[in-house]
Amino acid sequence: MDGKIRKRAIMLLLIAMIVLAAACSKKEAEDQSPSASGSVAPSASSVAESPTAGEEADPFGKYDPPITLSTVKILCDCSKFAPGETADKNIWIDGYLKDLGIDMKVKWSVVGNQPGGAGEQKLNVSIASGDLPDIIPVGAKQLKQLVDAGLAEDLSGLLEKYGSPQLKKFMNDNGGLALKTATFDGKLLALPDPAASIDVAALIWVRKDWLDKLGLPEPKTMADVLSIADAFTNKDPDGNGKKDTFGLGLTKDLYGTGLYDLTGFFEGYHAYNTWIQDESGKLVHGATQPNMKTALGKLQEMFKAGQIDPEFGVKDNTKVNESVVSGKIGMEFGAHWNAFYPFPDAYKQDPAADWRPYPIVSADANPAVPSVGLGINKEQIDQAYFVFKKGSPHPEALIKLANYYVDKEYGFETGGYDTQFHQPTDKDGNNPDGYSRWPLAAVIVADPNQNINIYRGVKAIMENNDQNAMKNDSAVGNYKLVADFMATKNPASYANALWAAPENSGLGILQYYLDNNLTTSNQFYGSDTPTMVQKKATLEKLQLERFTKIIMGGSLDMFDQFVSDWKKLGGDAITQEVNDWLAAQH
């Protein structure tokens, strides 16, 4: 219903590149703070572990004598660990005992964190049998199962009491939406691993050298986008005397992947593939609204005019990448991380190929507002949420473990940042084998502003030699690469420069959105409703098939039939359920 989750393989590729090049250690703001993060009374178990009257809780307090806790690990088959490092023998396990007095036992570990994979299957068996560890990593579906079964400990008050300032800051980013998704009936029943909401915002990527050659302005409106697509198709931008270029790159997936993704195009017409509020305040799905029909009509015109590859319906990202690298496509809508994939290959092929990012633009006088995430990757089975099993002692230890992770990974200001907990490197600071350490932690909490802070740090260092920014190793690593590309045009530094440079970079566009308050979130952030569980896949398939047919020349009236079918096949029931959910929030 809300588009496909950003393809994990591509995101992991981006993460690996950033980690390798900039010494990052882990993956990749508005509203009110959620009531669950401090205003709800502590549970009985948390009171038992509270400090005595007049004594403050220590976010990093060590248990003496040590306590024993258990967890499980679900790992990606793409993760590589240094020789001797395993799920139950690593620097995190050692650090927990040494610094926190927590003897962490791993009941089981499995490789396969993809939806429906080995990890999800094994976790489902554990939940069904009740054979659960104290700390349980889950996705949204498993979280709901644990909540419904009464197996999730109430963490209300513990975050406020034991959370470090840095952990609380991460949790309250994006208006605390990540926390809200883990809150049920006013109780915080899991600790989320927050994700960067702004990171999914759409950009327009355009070949600036083609604009200059054809005397075209940079895109400021959707009318400009349509003119650029026409010129890139018909005015021989590559100068080979043939009509063999396309104005807009597109794949068979249409949207939801962050690459050749129509989300930003739709948003130029104020059409959203998420739940939005209508004029009456009710929730409706944006894919069924009139603005979406308008956007599809424009795409159909572009297809009929030859501005979109007629074979897009059978081409995946890899195939379209080949057209970009060979200089046959001059514009696409995508994410900031497109700077790492596919544009470096295009630059190696032709250094004159000057791809530039731009903010999405509007078809009318109202600004185009990109959709951003909820601040949580809800379907990420290995680390979307961390549940503490109800009845197990020391639930506050979950918060302490999160504090520990945050400090070791991001404690540039506190002095807790520790390179030993990051990926292993050689004497030159490189990680040629692609080893990781962060996935081995029992509790993982990302800085949702990690990427945008890299951009801010690079900008501050380059413009002001900001010494405070120099404390952030990731910013320093990217700064060196940006400076290297500016000085030498080194292809090895191209991606980071296109990603994080102060000007004309992917992250720079995200900062523009933030500076101008140009973001909007999905208005439904609850667990999948009963009808969603049953019908969501069917409705998503229906939508993709109908939208593809319309773009490829089917009657625009097909949209109205799609809406009618969508409603009959479960859409009406889901709409009622999400509005019932909305009413319960007030």
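Read-outs: derived from the displayed coordinates by stated rules, not from any lab. This one's a predicted model, so the numbers in the text were calculated from it and none came from an experiment. Note: ideal-geometry Cβ built from the backbone for every residue, glycine included; neighbour counts use all protein chains shown.
Here are a few things to note about the model shown:
- A quarter of the convex hull surface defined by the alpha-carbon atoms of region 309-372 gives 5.7 nm² as the mean projection.
- Stretchable slack from residue 277 to residue 512, in nm (0.36 nm times residue separation minus alpha-carbon distance): 82.1 nm
- Under 5 Å, built H, 5+ apart or other chain: amide partners of residue 70: 105, 134, 135
- Remark: 193, 350 ranked as 350, 193, counting other beta-carbon atoms within 10 Å and listing the fewest first.
- Amide H partners (placed H, <5 Å) of residue 355, local residues excluded: 208
- Region 337-439: C-alpha gyration tensor shape, a/c 1.5 cut-off, then a/b vs b/c: oblate
- Net length gained if the chain between residue 56 and residue 420 were fully extended (0.36 nm per residue, minus Cα distance): 128.1 nm
- For region 532-582, the fraction of alpha-carbon pairs lying more than 16 Å apart is 42 percent, rounded to a whole number.
- Exposure proxy for 426, 230: other Cβ atoms within 10 Å of each Cβ, ordered fewest to most, give 426, 230.
- The chain - share of DSSP beta bridges that are antiparallel (%, nearest 5): 60 percent
- The Cα center of region 167-241 and the Cα center of region 416-490 differ in position by 23 Å.
- Residue 536/residue 64 FRET efficiency (R0 35 Å; Cβ-Cβ; nearest 0.05): 0.10
- Two-site label geometry, residue 523 and residue 118: point separation in nm, points 7 Å out along Cα→Cβ: 4.4 nm
- Positive-pole candidate from 128, 219, 255, dipole of region 123-273, charges at beta carbon: 219
- Cα-only Debye scattering, region 419-538: base-10 log of I(q)/I(0) at q = 0.16, 0.18, 0.20 Å⁻¹: -0.93, -1.05, -1.17
- A Förster distance of 45 Å, applied to the separation of the beta-carbon atoms of residue 82 and residue 545, puts the FRET efficiency at 0.45.
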